[in-house]
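Below is one structure, written out as structure tokens; comments come after it.
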Amino acid sequence: MTLESLVREFAENVAAQSDAIFQAGADPEDTHGERYLAAFDELRARGNEGREALCVLLKHPRMDVRATAAAFLLRYRTAEARAVLEEAARGEGLVAFGAQETLKGWDEGVWDLDPE
């Protein structure tokens, strides 16, 4: 898969997971989460080139996609990712809560989405 395809897979599945959470009768299996995590694993396996490709999502139109990408990019692009998460944390709902928890984990030194 190309870097662009992996980034698209990540974004599409983050969005699909967010949308599914609020649908009545949604499938309880988290296949979208598994898919975006697998895409990130592939990107990470390609080193900083893969991480750099993911950075385009920090400007994605959907906040859930931006915040999720930022959560995975905190170590690689700390200032930019933190700014996205801080913006998301000021909102409401699950995205805001997730951003708040991610920032808390980062500040407490327990964040481990992309260890060195």
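Worth a mention:
- Given charges at beta-carbon only (K, R positive; D, E negative), |dipole| of the chain in Debye: 400 debye
- The chymotrypsin sites (Phe, Trp or Tyr not before Pro) found in the range 1-95 that occupy coil by DSSP, while having at most 15 further C-beta atoms within 10 Å, are Phe22.
- Solvent-accessible area, 1.4 Å probe, carbon plus sulfur percent, for the range 2-116: 50 percent
- Based on protein heavy atoms only, the chain ends up with 57 Å² per residue of surface accessible to a 1.4 Å probe.
- Measuring spread by the Cα atoms of the range 57-105 yields a radius of gyration and Dmax of 9.2, 26 Å.
- Length-normalised contact order for the chain - Cα pairs under 8 Å, 6+ apart - percent: 20 percent
- Ordering Leu54, Thr78, Ala67 by Cα displacement along the dipole of the range 1-87 toward the positive end leaves Thr78 in first place; charges were set at the Cβ atoms of Lys, Arg (+1) and Asp, Glu (-1).
- Taking only Cα atoms of the chain, radius of gyration then Dmax in Å: 13.5, 39
The values are calculated or read from the model by the stated rules, or taken from the named source; none is laboratory data. Just so it is clear, the model here is predicted, and its values are computed rather than measured. Ideal geometry is used to build each Cβ from the backbone, glycine not excepted, and the neighbour counts take in all protein chains shown. Heavy atoms of the whole protein, side chains included, go into the accessibility calculation; ligands, DNA and RNA do not. Shrake-Rupley method; radii C 1.70, N 1.55, O 1.52, S 1.80 Å.
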